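All remarks here apply to the structure that follows.
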Amino acid sequence: MTRLKKNFPRRPLVAGNWKMHRTASDTKNLIEDIVQRVQKIANVDMVVCPPFTSLAVAAETLGRHSVLAIGAQNMHQAKEGAFTGEVSGTMLRDLGVRYVILGHSERRHFFNETDTGVAAKATIAVSYLLRPIVCVGETLAQREAKETMAVVEAQLRGSLQGFPKEKLAELVIAYEPVWAIGTGKVATPKQANDVHHKIRAILTDLFGPEGANLRILYGGSVKPENSAALMAENDIDGFLVGGASLDARSFFNIIESARPVRASEND
Ligand code: PEP
């Protein structure tokens, strides 16, 4: 695979969001297939985020020192309590979970998640040593009304309110335009990078120069066919992948396209 060269100021990260797919029984095979393909990949952080019911199997299959880290797709902000149907950060951490997706647009849309709720979860997540992947992104109507930057800025500032600066290195942001999620309509590299650039400026405003070093992932119909061009953009540090992460080969090819290029490659 020929990749476009760029500097990699930040270590790339590729996370697979399995959403509500795969039973616990199916999980072992898929994880083993992914691990077998990605085990020689260096210098990329790789994460799989299966449903809650598959997290224990995923942890058991991967063992302690795997190349693949495990993420959850949501969590509740309380440590424990009368919250039927919810799962806490301590419960996730106890299973060996390392990342947690927060504020995914499907959670915002179908489960009424708010920026304030996401902010509370992000702060609690880092107190349990979980790395939050905080998602933001505009709808098609908002993009067409030229509101993208304003919407993303409001979501980002709201979702990071009160986030402890000393835990900044744990934080990951995902820009996921809602119109691109699961639709096959990917943002162009320029469209994505423009928003990533803006997000980086907001992070710098919020947290100072360290904010500029945060990893910003793109998500929305990422496939092996479009990932290299997106990854060539300076402000894109990796991907949050939905559908294509359920196919071990596609997921591997996307990860491979995010791997920093050595000077001797492609020549
Ligand atoms: C997602 O669910 O975060 C996502 C980006 O989905 P897809 O890759 O299927 O568009």
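Below is a table of values for the structure above.
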item: Under Karplus coefficients 6.51, -1.76 and 1.60, residue-wise ³J(HN,Hα) of segment 118-123 in Hz, glycine/proline x; result: 5, 4, 4, 5, 4, 5
item: Where the chain is the region considered: accessible area per residue in Å², 1.4 Å probe; result: 46 Å²
item: 5 angstrom amide H check on ALA69, placed H, neighbours 5+ away; result: MET46, VAL47, VAL48
item: Cα-centre dipole for segment 13-266 with unit charges at Cβ (Lys and Arg positive, Asp and Glu negative), debye to 20; result: 240 debye
item: PHE239 long-range amide H proximity, modeled H, under 5 Å; result: LEU13, VAL14, ALA15, TYR218
item: Coil-residue trypsin sites (Lys or Arg not before Pro) of segment 171-200, DSSP, other Cβ within 10 Å capped at 13; result: LYS185
item: VAL67, VAL261, ranked by accessible area, largest first (probe 1.4 Å); result: VAL67, VAL261
item: Calculated from backbone phi, Karplus (6.51, -1.76, 1.60) coupling profile of segment 230-238 in Hz, x at Gly/Pro; result: 5, 5, 6, 6, 5, 9, 9, 10, x
item: Vicinal HN-Hα couplings computed from phi for segment 101-107 (Karplus, 6.51 cos²θ - 1.76 cosθ + 1.60; Hz; Gly/Pro x); result: 6, 10, x, 4, 4, 5, 6
item: Dipole of the chain, positive end: most advanced residue of PHE8, HIS109, TYR218 [Cβ charges, Cα centre]; result: PHE8
item: Per-residue SASA entry for HIS104, accessible area with 1.4 Å probe, Å² rounded to 10; result: 10 Å²
item: Distance in nm between pseudo-label sites at MET20 and THR116 (7 Å out along the Cβ direction from Cα); result: 2.7 nm
item: MRE, 222 nm, helices only [DSSP H, n ≥ 4, -39500 (n - 2.57), over the chain, to nearest 500]; result: -12000 deg cm²/dmol
item: Residue order for LYS28, LYS19 - accessible surface, 1.4 angstrom probe, largest first; result: LYS28, LYS19
item: Listed residues ALA82, VAL151, LEU206: farthest to the positive end of the dipole of the chain (Cβ charges); result: LEU206
item: Lys/Arg +1, Asp/Glu -1 at C-beta; the chain dipole; positive extreme among HIS21, VAL47, ILE133; result: VAL47
item: Under 5 Å, built H, 5+ apart or other chain: amide partners of LEU102; result: ILE133, VAL134, CYS135
item: Pairwise label distance in nanometres, LYS165 with ARG10, each label 7 Å out on the Cα-Cβ vector; result: 1.8 nm
item: Neighbour cut-off at most 11 other Cβ (10 Å), DSSP loop, GluC sites (Glu not before Pro), segment 34-93; result: GLU80
item: Mean projection area, nm², convex hull over Cα of segment 87-208; result: 7.8 nm²
item: Whole-percent pair-distance distribution, where bins are 10 Å wide, for the alpha carbons of segment 47-107; result: 23, 54, 22, 2
item: Estimated FRET transfer efficiency (THR84, ALA150; beta-carbon r; R0 35 Å; 0.05); result: 0.45
item: Point-to-point label distance, ASP33-VAL261, nm (Cα→Cβ direction, 7 Å offset); result: 3.0 nm
item: Whole-percent carbon and sulfur share, accessible surface of the chain, 1.4 Å; result: 52 percent
item: Relative pair counts by distance (%), Cα atoms of segment 157-267, 10 Å bins; result: 14, 42, 31, 12, 1
item: Kirkwood Rh, Cα atoms: Rg over Rh of the chain; result: 0.94
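The values are calculated or read from the model by the stated rules, or taken from the named source; none is laboratory data. No experiment lies behind these values; they were computed from the predicted model shown. Cβ: placed from backbone, ideal geometry, glycine included. Neighbour counts: every protein chain shown. In case anyone asks, the SASA skips ligands and DNA or RNA and just uses the protein heavy atoms, side chains included. Shrake-Rupley method; radii C 1.70, N 1.55, O 1.52, S 1.80 Å.
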